[in-house]
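The values are calculated or read from the model by the stated rules, or taken from the named source; none is laboratory data. Every value quoted in this text rests on a predicted model; they were computed, and no experiment measured them. A quick note on method: Cβ atoms are made from the backbone with ideal geometry, for glycine too, and the neighbour counts reach across all protein chains shown. To get the accessible areas, we keep the full protein, side chains included, count just its heavy atoms, and leave off ligands, DNA and RNA. Shrake-Rupley method; radii C 1.70, N 1.55, O 1.52, S 1.80 Å.
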Amino acid sequence: MLVLLPPSETKRIGGTGAALDLDALALPQLAPERRAAVAALVALSADPGTAARVLKLSARQLGEVAVNAALPTAPTMPAIDRYTGVLFDALDASTLEPAARGWIGEHVLIQSAPFGPVGALDAIPAYRLAAGAALPGIPPLRRHWAAASTAALAATDAPFLLDLRSEAYVALAPAPASIPSAFVRVVTAGADGTVRALNHFNKHAKGELVRAMARSVAEITSREDFLSWATSAGWEVRDGDKAGELQIVV
């Protein structure tokens, strides 16, 4: 199984790893797209005013331009530690046991805007780029990434994809039709049975879910396996309103 996570806008700064090595990232067939996206982002950073406009930065966020300019030489850290925010704080990967962290390295990909899907333990620098940004010099990110990323995911021959990404990041790498997958929504159920999608708790529940799978070193190869594991672990999961979707009820 592969678990697909969204990134986070907030990231830890610094790192102790060597500079970015695009050829060392998961799904190495995406190296051409990665090089083009990184080059476009670095080039954009040469004009701070344009970069601020394209990246929709506030006055307080202008330092992010320098962060992007330093992408090729900046120190790195594992992607799962780089990202912060509700989902990653709930996952709390730095406190996982070695076996659980190894499970994350084997099973989790994080969908990034400048690098495409990366392995959870892949070494990446800090950056600022959202899925909806349009970088000068390359096609809109959806067109830049989608076909190549879907093909790269298909080439993994994973038996099952559990998709925990937001729709904006799903668009950058749609799940391949050749691999069974489930898109997960987190909902709450009212007394009358109606369900309502969540935002903050959506992210928190997804982080807790991945942490629980990692700590149990879950062996999941199908939708049925996931549903069985979730039930045994105390999660309420049911079919969603759309084909291929699952709902986690919190």
Next item on the list: Tell me which of these ARG143 doesn't satisfy, since it passes every other one: (1) within 14 Å of the chain's Cα centre (by Cα); (2) within 24 Å of LEU55 (Cα to Cα); (3) not in a loop (DSSP other than H, G, I, E, B).
Entry: (1)
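Applying the selection to segment 217-250, what residues are open to solvent by 60 Å² or more (accessible area, probe 1.4 Å) and more than 19 Å from THR188 (Cα to Cα)?
Of the residues in segment 217-250, the ones open to solvent by 60 Å² or more (accessible area, probe 1.4 Å) are 217, 219, 221, 224, 228, 231-232, 234, 236, 238-239, 241-243, 250.
Correct list: VAL217, GLU219, THR221, GLU224, SER228, SER232, ALA243.
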Item checked: Subset of segment 77-89 that is among the hydrophobic types (A, V, I, L, M, F, W, C) and in contact with a helix residue (DSSP H, G or I) (Cβ under 9 Å, 6 or more places away or on another chain) - its residue that is surrounded by the most Cβ atoms within 10 Å (Cβ to Cβ) -> PHE88
Next item on the list: Select from segment 162-177 the residues that are in contact (Cβ under 8 Å) with a residue 24 or more places away in the chain and out of contact with any strand residue (DSSP E or B) (no Cβ under 7 Å at 6 or more places or on another chain) and write down the one among them that is farthest from LEU141 (Cα to Cα).
Entry: PRO176
Next item on the list: Go through (1) open to solvent by 20 Å² or more (accessible area, probe 1.4 Å); (2) over 24 Å from LEU91 (Cβ atoms) and name the single condition LEU135 misses.
Entry: (1)
Next item on the list: Please enumerate the residues belonging to segment 103-125 that are surrounded by fewer than 21 Cβ atoms within 10 Å (Cβ to Cβ) and among the hydrophobic types (A, V, I, L, M, F, W, C).
Entry: LEU121
